[in-house]
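Report on one structure; see the data block that follows.
The values are calculated or read from the model by the stated rules, or taken from the named source; none is laboratory data. Small disclaimer: the values here were computed from a predicted structure and weren't measured. Don't worry about glycine lacking a Cβ; one is built from the backbone with ideal geometry, like all the others, and counts go over all protein chains shown. Keep in mind that these areas ignore ligands, DNA and RNA; they rest on the heavy atoms of the full protein, side chains included. Shrake-Rupley method; radii C 1.70, N 1.55, O 1.52, S 1.80 Å.
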Amino acid sequence: MSANAPLSRVVVVGRDADLWLSVNALSGALTCVGVQVVAVELPTRLKASLVSATLPPLEAFHTKLGLKESTLLRVTAGSFSFGQNVVDLSGNVPNFFHAWGAYGAPIEGSAFFPCWLKARRLGLNRSFQHFCLTAIASQNGRMLLPDEATAALGRTDYGYHLHTMAYVAYLKSIAVSLGIRLYEAQHVGVERRDDGSISAVSIDGSVSLEGDLFVDASGEDAVLIGRSLGVASDDWRPHFKVDRVMSASAPAFTSIPPFAEIRTARAGWTALHPSQAATGVVHAFSSGLVNDVAALESATAACGVKLADASFHSVNPGVRAQIWEGNCVALGGSACVFDPIFDVEIHSLQLGLVHLLALFPVSARFTAERAEYNRIMRSYYERIRDFQCAFYALSPVEGNFWEKARGLSLPAALAHKIATFRARGEIAPMEDETFLPESWQAIFTGLGVVPDSWSPATDRIPSNRVDEEFRRILEFIKKKVLEQPTHDKYLESLCRPG
Amino acid sequence: MGEAIRGHNRSAPFRVVIVGGGTAGWMSAAAIRRRLNPEDYAVTLIESDDIGTVGVGEATLPHIKIFNDMLGLDEAQFMRETRATFKIGIQFCDWDLPGDCYIHPFGAFGEPWGGVEFQHHWLRALQAGRRRNSLQDYSYAVVAARDNAFEFPNEDRNSIRSTYAYAYHFDAGLYAAYLRRWAIERGVRRIEGQVCDIKRHAAGGDVQELTLKSGERIEGDLFIDCSGFRSLLLGGVMGAAWRDWTHWLPCDRAFALPTQRAGALTPYTRATARRAGWMWRIPLQHRTGNGYVFSSRFIDEDDARNELVTALGAGAPGGTAPGAAAQAEPRLLRFSPGRREQAWRGNCVAIGLASGFLEPLESTSIYLIQAAVTDLINLMPKPGAVADPRLMNEFNRLNDMQYERIRDFLVLHYMANRRVGEPLWDYVRSMPLPDSLAHKLALFRARASLPNYQYGLFARDSWLSVLMGQGIRPQGYDRLADAFPMDTLEERLAELRNRIQTNVNAMTSHGEFIANFCGAAEAMPAEEVAV
């Protein structure tokens, strides 16, 4: 193929969500401009117990793929999630809520957070999340359906909890219905040209699939970029104590909470992802401190119910040194393995896809696109990593695990963010962030960081104005929440067939 | 630690001492006075009428309106006081090839049909040999500027007439004076005098006290260095190292020369590339500001002076030369392009020229002042406290980002040229580039992708206008543009072009708009000589 000829064939090798979301997204965008997308499916690594938690931007991504929300939730027995409730089981640390939505509203041109900080210092008896519409609604088992009035207050968003196997099956069925060419493989090998680029993948030693661009969507196995091309990963383990995860299943809640709950205990944390059919449980711990048996015990105690289908896997967080190498692009787990906190995996996949489409090569000469892709994806992944790292670095939870986690080294950008926040309650702005300033404010504050000072411009606002605004916001939240349907009722009406 | 609680336990006011007036000094004083509690912050500004401020007729960026609104200035009054005109872009002439002109607008190019950025649609039509106009014709602000038209952007976000922003040209000396009156009325203390001695605390090296020639001594908690190029405090006392950028931006001199206002009032700045630099033209209500920014490496001062005077066709003041009458002798400024490694050290913060200098090619000087003052106000120590190194780091980090973004953008104007055989232009065309710029260029050349920053300058459409204007032609475009039927594309391009022209035709002329809005329109008698 001549260097100037346009790319015409993309081969996606992978499994599960990484494969099917990629195939649908790439095909949806590229088929109509003459690029064929071919899928090679490796055996699943999914466990039946898994419930994926997703971030707000997925909704718009699904819309572009033509997915309907009601169908999605029905098929996956899914539910809504307005954020994460963090609970310390020892009872020493106050709960806090990380919401997908604005906290408070600007007051006389000043940001809300410093106003709250100051009022808190002067004796205000309301936590940060009291001023968050989404947090209050969801903690009361309600939806938050935005309207003009809520939009005037601020942003409201949500994610989902989806039974992963059902989600993946649904995505696959869409790919099939789109007529995408599918192959199944147990093993995949590569044929390479002299310049190192991949000319074809071989399936189970027999069928050979040629392509111009190859996507590795095989998760941590990284069969193309890791195993075949030998691209190593930058090790993030120095920043994270978690190296092992248990997934299990618990019965569904009678009334389904529209949020995730992260329960911290001495030896790690246990996340509950409620959905209509069951509750997904993820327990994160350090194998050096606790073995699998003890981990299961901790998780069971944290959930307060018997757990089923427990399975374990190791976690080695790190980012591929070159996410796009030669003509092979890694997406999802093969590009970057994250710590399990905050469930960023599907979002990371979405980011990779959005940027790959934005930089999709025009011809076989794509040095500039590849360089930019590597640069920007690394930047996005590092910002996500920093948000996760903050959770451990600042946590006041007691226990051997947390003590060790607090002692780990901080990435430089995060150290700077924490220092700036400690000094002034400001979130240092950086490019390529996934988590908005209020997310950072919410977790820093929830983890107990009290800044040494607040923005002096806040002192210009008369305190009676601030009090007025606080009252107005709280009353608005109370009124709005009472208007909302319950999560259960809403799900019921949404998922009713027809 | 421990905040001062209101009431009788309150700390003494935090003393901010600003060294130097001009736009940097008075913008700082006014913003601090406005945004911070006067009971908590006492602001003193020391300036000397004997020390001239640089104050050339200046152009600005749309951010200035946010600044003025923050102060509560009435727009028409501000424009009257400063003899301001509107600015919706900069016209660059002869930068790529002699005879070429393009406008960098404060506005959008085209529309993102099918979710794909406009430049890809335009490039597709170009590569397919289909009828289409220059990219410039698809920017509302460009077409308006070329027609010397102006009106406030429409509030309806669906209207083509909403797709731009505006800034001003004004007399920076008058702006500083205006802010000075505003600030003094609100309690800022102005001291006329010159600093002749600076006393530091024994430990730590922070500045404790300034002594003026008059003998008066002024203590402070935080010192804002607005002393211009001299950088009296940050450079001189705190020893912040200088990072020189002459190898990327060779211009290090400027002659400034005001001329009488003549011809239609243009709503844009003009920057014309010349043999050894470039000449600016800034239209004000009462006169036109002109100048030649040049490199002493490639031309000597006398030749530069003559080249400017000749180019304007302007003779001596009161002379009979054919061009617009000069209103003063050309005034020489010498500078170094570059910046202080840290703008905030100890208890000294440099704002304006004291922190660094980038030539005014994209009207960024006042923007840098505004950005620095805004960040300083957020990161300012509280009464009773000292400067927090953690917040100094953040200030410096933000400052770094602003300077580097602007530097890359300016270097782009120079390096992308085809003025072969002219020593300055041959030099900049072949010099090694900052990595960040080289990367952006490679990406645009490959497939017309543009930087899309969330913070700081420059907007995506700004990069587009300059990359294209400077002759960088992408080899490819976003494949997703191909999803659009070609005939529909052609129709849309034609419709857009017509819609723009029709709406621009309905606009008022810039001159008329100024006369109606803040009409101190007719040429004022030539007053102060300051350019």
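Among the residues of A:356-367, the average count of other protein chain beta-carbon atoms within 10 Å of the residue beta-carbon is 4. By the combined test of axial Cα extent (at least 15 Å) and Kyte-Doolittle hydropathy (mean at least 0.0), the qualifying DSSP H helices of chain B come to B:172-185, B:365-379. Once all protein chains are placed together, B:W242 keeps about 90 Å² accessible to a 1.4 angstrom probe. Helical content of chain A, expressed as a calculated mean residue ellipticity at 222 nm, amounts to -11000 deg cm²/dmol (DSSP H runs of 4 or more residues, -39,500 (n - 2.57) each, divided by residue number, nearest 500).
As a quick test, which of the pairs A:K68/A:K480; A:K64/A:K172; A:K47/A:K306; A:K68/A:K489; A:K118/B:K382; A:K64/A:K417 have an alpha carbon distance above 23 angstrom in this structure? Over 23 Å apart, Cα to Cα: A:K68/A:K480; A:K64/A:K417. Normalised by the number of residues in region A:269-407, the average gap of Cα pairs under 8 Å and 6 or more apart makes the relative contact order 18 percent. What percentages make up the Cα-Cα pair-distance distribution of the protein assembly as shown when the bins are 10 Å wide from 0? So the P(r) values, bin by bin, are 2, 10, 17, 21, 21, 16, 9, 3, 1, 0. Expressed as a whole percent, how much of the Cα-Cα distance distribution for chain A exceeds 29 Å? Considering chain A, 52 percent of its Cα-Cα pairs are separated by more than 29 Å. Summing charges over neighbours of A:W20, with a neighbour being any other residue whose Cβ is under 12 Å away from its Cβ, gives -1 when K and R count +1 and D and E count -1.
Based solely on its DSSP helices, what 222 nm [θ] is calculated for chain B when runs of n ≥ 4 H residues each add -39,500 (n - 2.57) and the sum is averaged over all residues, nearest 500 deg cm²/dmol?
For chain B, the value works out to -10500 deg cm²/dmol.
Among the residues of B:104-114, the average count of other protein chain beta-carbon atoms within 10 Å of the residue beta-carbon is 0. Among the protein heavy atoms, those of B:R230 account for about 130 Å² of accessible surface (1.4 Å probe, every chain in place). Local charge for B:G263 was computed over the other residues whose Cβ lies under 13 Å away, with Lys and Arg +1 and Asp and Glu -1, and equals +4.
Residues B:T272, B:T288, B:T374, B:T310 ordered from highest to lowest accessible area at a 1.4 Å probe: B:T310, B:T374, B:T272, B:T288. The calculated FRET efficiency for B:Q260 paired with B:C101, based on their beta-carbon distance and R0 = 22 Å, is about 0.40. Counted by Cβ distance under 15 Å from A:E41, the other residues give a net charge of -2, where Lys and Arg count +1 and Asp and Glu count -1.
Among A:E325, B:E307, the sequence by solvent-accessible area, most first, with a 1.4 Å probe is A:E325, B:E307. Inter-chain neighbour count for B:352-360: the average number of beta-carbon atoms from partner chains within 10 Å of each residue's beta-carbon is 0.
If R0 is 60 Å, what FRET efficiency do you get for B:E216 and B:Y453 from their C-beta distance, rounded to 0.05?
For B:E216 and B:Y453, the calculated efficiency is 0.85.
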